[in-house]
Amino acid sequence: MQRQRYGKVCLCSLLYNSFGGSDTAMDAAFEPIYWLVDNMIRWYGVAFVLLVIVLTSSIVAIAYMCVLPLILQTYSMAWLCWHFFYSHWNLILIFHSVFHFY
């Protein structure tokens, strides 16, 4: 019995770490997630920029193919010119800001 307690004390003294606690265990458990985020985050920016470009381009294509013929029949030329220049100004601002983030 004495020898068993002595062995346990020796083992605990050799393996004791004052820095080992629940915080260290949680850091070690989350280390793969930190590695994944560090290595994958650079592709998220590219994917989101491409997503904004594709979605904005699809909205513009739908507007030119579906909405523009209806607008040409309905509104006056002055109103049409004002909306045309204003919408293209907004489109330039959107693409300008997208390329700043890229």
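Only the coordinates and a few stated rules stand behind these numbers; no lab work does. Keep in mind it's a predicted model, so treat the numbers as computed, not measured.
Per residue, the convex hull spanned by the alpha carbons of segment 2-101 comes to 158 Å³. Between helix 2-15 and the chain there is an angle of about 30 degrees, using the helix long axis and the longest principal axis of the Cα atoms. Enter the angle in degrees (range 0 to 90, nearest 10) between the Cα long axis of helix 77-101 and the first principal axis of the Cα atoms of the chain, meaning the one along which they spread out most. Between helix and principal axis, roughly 20 degrees.
Relative to the longest principal axis of the Cα atoms of the chain, helix 22-62 runs at roughly 10 degrees.
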